[in-house]
1. For the pair residue B:187/residue B:14, report the inter-label distance in nm, with labels modelled 7 Å from Cα in the Cβ direction.
2. Among the DSSP beta bridges whose two residues both lie in the range A:29-121, what percent are antiparallel, rounded to the nearest 5?
3. I need the shape label for the range A:42-130. Rule: rounded when a/c is under 1.5, else prolate if a/b > b/c, else oblate, with a, b, c from the alpha carbon gyration tensor.
4. In whole Hz, what ³J(HN,Hα) sequence does the range A:56-65 give by Karplus (6.51, -1.76, 1.60; θ = phi - 60°), x for Gly and Pro?
5. Once you order the gyration tensor axes a ≥ b ≥ c over the Cα atoms, which shape class does the protein assembly as shown get: rounded for a/c under 1.5, otherwise prolate or oblate by comparing a/b with b/c?
6. In the full protein assembly as shown, how much of residue B:145 is accessible to a 1.4 Å probe, in Å² to the nearest 10?
7. If the elastic network links every pair of Cα atoms under 10 Å, which of B:85, B:217, B:56 fluctuates the most in the Gaussian network model of chain B?
8. Between residue B:145 and residue B:33, what FRET efficiency follows from the Cβ-Cβ distance if R0 is 30 Å, with the result rounded to 0.05?
Amino acid sequence: MSEKLDRRRVLLADDYPGMHSALTRLLAPWCDVVGSIDDAARLLDAIARLRPDVVVLDLSMPGVDGLQACRQIKSVNPDVNVIVCTAADEPRLAAKAVEAGASAFVLKCHLGDDLVRAIQTTRSVTPADA
Amino acid sequence: MDRTEDLLRDLGRRLIEAHESERRRLSGELHDNLGQRVALLSAELVILRDTLGSSPLVVDQLDQLLAHTVDLGTEVHRLSHDLHPAWLEHTGLPDSVRRVCTDLSRAYRIPIHLECVDVPTGLSNDIALCLYRIVQEALHNVVKHSAAASASVRLEAHSGEIVLTVIDDGRGFDPLVEGAMNGVGLISMRERTRQVDGSVVLTSQPGLGTRVQVRLPLVGSSTGDRRQATPPKSALEFV
């Protein structure tokens, strides 16, 4: 598909059953999935423990404003890249996600092809790699 | 008479609330369940394609399956959004209305022009949802029944009110013909505007298109003055 990633550490935040398993298998050739959570309230704690380079965040997790969660991640962990995933193909929403600090906006039905590419893109903007 | 009017208003409010609640439930089911299953399916197809990547024929067929799956996901989202604009609060009324115009314009191959002038960002949910639903209903009538070559939508806020105007150049109709104004869509527009103290005027003539104009008072929005006008007794008028 594309050149092998430098084993980025990825944390998955998605509450749909089966998504963690599928994304872990999808990403396995390219990066390390270091954890997955289905409760956005534990997101900051998980980031502190697992030290991911990238968080793949489902914007529609229950009980939390996904954009606000993205802002919180970036304010506490500015070096962590956030890739926002959503089923909503809304250009304005993509702009809002970028304003909230997201590195990329991936539509869920394009996850298979676009997620690895999005993770690769974050590599070039990670301060540690600069 | 006032008591009857109050009862009718309350009944209308409850009907609209029940309608919105059911739409929200269906929309959530589509988004949270069906949409997620389609996303999962597309991810699994990519994994399968990458696993069986040695055969160009298999890869080609899996790519076709993937394309159909992506189309299915797009359609599920469109239906979900149609039923309940979950992102109206985030994206705002102008962008949400733009989405409706673009979707219908593409689906029915009819130019729909949108103009938004001074629309406040702090619109209440009631007003934003009311206007959004009326745009949906009015444009649905345009593309389904009017045989119009083009249509336009204008949203403008001024002097303490927000005015929505939807115009088409289609076949129009005679509002005085019995039953012409009794469609569920038109009744829904009337009830929705009445709930937010607004008015709707529908103008049409055979061969001369149709114009729907909705005026809602802006109460407590970021740019609107408080309109003190008495709510119209009969919210649906026609000229």
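1. Roughly 1.6 nm, to one decimal.
2. Numbers: 0 of 9 bridges.
So the antiparallel bridges in the range A:29-121 amount to around 0 percent.
3. Working: a/c = 1.56, a/b = 1.14, b/c = 1.37.
Oblate, since a/c reaches 1.5 and b/c is not below a/b.
4. Once rounded to whole Hz, the list reads 9, 10, 6, 5, 10, 5, x, x, 8, 7.
5. Prolate, because a/c is 1.5 or more and a/b exceeds b/c.
6. Per-residue accessible area (residue B:145): approximately 110 Å².
7. Result: B:56 has the largest fluctuation of those listed.
8. Numbers: r = 33 Å, r/R0 = 1.10.
Rounded to the nearest 0.05, the efficiency is 0.35.
The values are calculated or read from the model by the stated rules, or taken from the named source; none is laboratory data. Please read these numbers as outputs of a predicted model, since none were measured by experiment. As a convention, Cβ positions derive from the backbone with ideal geometry for all residues, glycine included, and neighbour counts pool all protein chains shown. Areas reflect the complete protein model, heavy atoms only, side chains present, ligands, DNA and RNA absent. Shrake-Rupley method; radii C 1.70, N 1.55, O 1.52, S 1.80 Å.
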